[in-house]
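Notes for the one structure printed next.
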Amino acid sequence: MEADYAIIGGSIVGLSIAWGLLKRGRRVLVLDGDDGSFRASRGNFGLVWVQGKGLKQPAYARWTQKSAAAWADFSAELGESTGYNLALQQAGGYDFYFDEESLEQRVAEFETLKKELGGDYPFEVLRHNELKREEPNIGPRVAGAILHHQDGHLNPLRLLKSLADDVRRMGGTVKCGVPVKRISKRDLFEIEAEDGTIYAAPKFVLSAGLGAMDLGPQLGFSAPIRPQRGQVLITEKLPKMMNRPSGIIRQVDEGSVQIGDSKEEVGLDDRVTLETASAIAARAVAVYPDLAKAKLVRSWGALRIMSPDGFPIYQESSTTPGAFLVTCHSGITLAAAHARYLPAWLDGSDQAPNLEVFSEQRFAIS
Amino acid sequence: MNNASPFHNISPSDDLVTVTFDGIEYILPDGANLAASLLEAGLRYFRNTPVSGAPRGPFCMMGACYDCLVEIDGETRQACMTEVTSGLKIERAHRDKGLEND
């Protein structure tokens, strides 16, 4: 099997990169893990989200905005070639507040970031009554919301499926159920799967999510990532009751309401707990009281892939050039950037985006 | 009773109660499975889907498919997981959605 790039991780991150490399004429081999792997691509919240990201690192805010701006075209192209409707909606999103004080505090942070971004940060503050006009089902306890016009959401499972389909359609190889045990470098990178099969390629991208904790150090990466659990609740399908998504609650195109955004530092444990499920359900009901009567039909836990500062890591190995680590928490939001702009960086093209601030160097103790 | 119903109660009971479905009265066996009893009474579609308004009725009869949903006291319930009790007021779930699309 001849490939220019081997990509470890058939996630939304890995497949977005594979898709972009294929568009540049590269041959790719994608190795995906198995059902024992922790798979954020199957458990996430489906947001294409700008609001609140990179408050202390404007470069991350810009990279996020660059991706959000590329999403409509990326989604249309994927939809056209695979027939999947990703249900991408980028008509803005909310951050809800129950008290004025925390709302004001956040607005001040946003104003600072907005200046650093040269004014390109289109948000507005909606007090309760203004919000009520946009979202008639909002509850009386909600003091207000920040509406950010660059936010949106999509159907993440259809994104995953369409990416895998399109990578195959363009001639890429995607192998599922192939957890990787060891990676070494001779003339080529040699990737040993758990079943003993060896795959080889001259270049190699490690986009294995939490799998990079073990595999990264084999290639000289420090890969300082950790899991952070988020729990999710899914209601029965309901008639349209909200117009825009938020970080804690959204109604998907098929009618279900997805409730989430718990953050728990519990290691590699993706179980659900009654305590957290109740807490996120109560918060959702405070925002949309009608949900009190909605039936929950599913819940799950999934693990975010967090770096120490929460920003992505884009790093070429210093000890074994040609090996790249790509890892981030926001694989959906950044998928468009990973498909459109990251491949030029992997290829060493002079069109490559400058990703220096996202290298592992920032975590080095000086 | 709709005599055309292919569903028949295999353990008939004399203990009958009255319920309403969309305002129409039905006499059903007390304590029986609500979805099964409504099927036997000749009903086929219990709800409309909330997005497209398509009609739906019981499919799995074991609590898994969520196709037999009905509305009781303002809450969506699975008819196949509900027992018949006297005076139940049952509505087609998301009926408004279906009528809009008629």
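Brief remarks on what is shown
- Cα-based shape type of segment A:297-366, given that a ≥ b ≥ c are square roots of the gyration tensor eigenvalues and the cut on a/c is 1.5: oblate
- Database remark: amide H of A:Arg182 closer than 5 angstrom to the amide H of A:Glu192 (H placed geometrically; neighbours at sequence offset of 5 or more, or on other chains; Pro and chain starts carry no H).
- Cross-link check: pairs A:Lys53/A:Lys132; A:Lys240/A:Lys293; A:Lys114/A:Lys263; A:Lys56/A:Lys114 evaluated at a Cα-Cα cut-off of 18 Å; pairs beyond the cut-off: A:Lys53/A:Lys132; A:Lys114/A:Lys263.
- Fraction in percent of alpha-carbon pairs per bin - 10 Å, chain A: 5, 24, 33, 24, 11, 3, 0
- Two-site label geometry, B:Asp15 and A:Lys175: point separation in nm, points 7 Å out along Cα→Cβ: 6.3
- Diffusion coefficient, µm² s⁻¹, Stokes-Einstein with Kirkwood Rh over alpha-carbon pairs of segment A:57-190 at 4 °C and 1.567 mPa s: 70
- Paramagnetic reach from A:Arg283 (point 7 Å along Cα→Cβ, amide N under 19 Å) across segment A:221-239: A:227-235
- One compactness figure for segment A:1-70 is 1.36, namely its Cα radius of gyration divided by 2.2 N^0.38 Å.
- Over segment A:226-306: Kirkwood hydrodynamic radius from C-alpha pairwise inverse distances, Å: 12.9
- If you take all other residues with their beta carbon under 11 Å from the beta carbon of A:Lys181, and give Lys and Arg +1 and Asp and Glu -1, the sum is -3.
- Distance between the 7 Å Cα→Cβ label points at A:Arg298 and A:Arg127: 4.2 nm.
- When each full DSSP H helix of chain A is screened for a Cα extent of at least 15 Å along its own axis and an average Kyte-Doolittle hydropathy of at least 0.0, the helices passing are A:12-23, A:274-287.
- Restricting the calculation to Cα atoms, segment B:16-100 yields a radius of gyration followed by a Dmax of 11.8, 36 Å.
- Working from label points 7 Å from Cα in the Cα-to-Cβ sense, the A:Asp120 to A:Thr319 distance is 3.8 nm.
- Every helix of 4 or more DSSP H residues in chain A counts as -39500 (n - 2.57), and over all residues that averages to -9000 deg cm²/dmol at 222 nm.
- Among A:Ala337, A:Ala87, A:Ala279, the largest mean-square fluctuation in a Gaussian network model of chain A (Cα springs under 10 Å) belongs to A:Ala279.
- Gaussian network model of chain A, Cα within-10 Å springs - most flexible of A:Leu274, A:Leu163, A:Leu188: A:Leu274
- Restricting the calculation to alpha carbons of segment A:93-149 gives Rg and Dmax of 11.7, 36 angstrom.
Values quoted throughout were computed directly from the atomic coordinates according to the rules given, and no laboratory measurement underlies them. Given the structure is predicted, the values throughout are model-derived calculations rather than measurements. Cβ atoms come from the backbone with ideal geometry, glycine included; neighbour counts cover every protein chain shown.
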